[in-house]
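Asker: Questions regarding the structure given below will be posed in turn.
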Amino acid sequence: MENRINIQALEPKAYKGMFALENFLQQSQLSKTHYYLILIHASQINGCAFCINMHTNDALLQGETPKRIFLLRAWKETELFSEEERAILAMTEEITLIHKTGLSDQTYQSAKKYFDDHYIAQIIMAVVTINAWNRISISTKKTVR
């Protein structure tokens, strides 16, 4: 595989900004379950093997079940995810694929049933941040070893 640039080494200030977002998310109200569902699902949509691998391993260490991870890509066709989780997964898809329809009113109103404005803001920031990481990893061809 082609060697590409190491942005962290070349532009450490940029990574410092990314890590500031990560620090915010680690201190947010997001449950670990919700957080890892966002990270894994956005990474699946974007096809980022590096991030899928890392966040799947982290989720398993936090107690997530392999079965739910295996079926995450097909969340609409299973009853393994709660209504709250379904709202988060729908938000994750629509924000990750923002070019299609954006975050729809229907999905936003569904989230409002379960979460306050602060939690919704934290969900959005988690989706935005993992999408940035996915783009960095894919563009620089970070590999799973």
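Every number here is computed from the coordinates shown, using simple stated rules; none is lab data. Source: prediction; values computed, not measured. Virtual Cβ from ideal backbone geometry, glycine too; neighbours counted across all protein chains shown.
Asker: Quick check on the chain: helices-only [θ] at 222 nm, where DSSP H runs of length 4 and up contribute -39,500 (n - 2.57) each and the sum goes over total residues. Nearest 500, please.
Answerer: Roughly -21500 deg cm²/dmol at 222 nm, from the helical runs in the chain.
Asker: Subtract the Cα-Cα distance of Glu83 and Leu21 from 0.36 nm times their separation in residues, and report this length gain in nm to one decimal.
Answerer: 19.6 nm
Asker: Return the inverse of the average 1/r over all pairs of distinct C-alpha atoms in the stretch 1-141, which is the Kirkwood hydrodynamic radius, in Å to one decimal.
Answerer: Working: mean 1/r = 0.0637 Å⁻¹.
Mean inverse Cα-Cα distance, inverted, gives 15.7 Å.
Asker: Then there's this: Report, to the nearest 10°, how far helix 83-96 tilts away from the longest principal axis of the Cα atoms in the chain, using its own Cα long axis and a range of 0 to 90°.
Answerer: Once rounded, one gets 40 degrees.
Asker: Would you mind finding the longest exposed-site-free stretch of the chain, with exposed GluC sites (Glu not before Pro) meaning DSSP loop and at most 12 other Cβ atoms within 10 Å?
Answerer: 3-78
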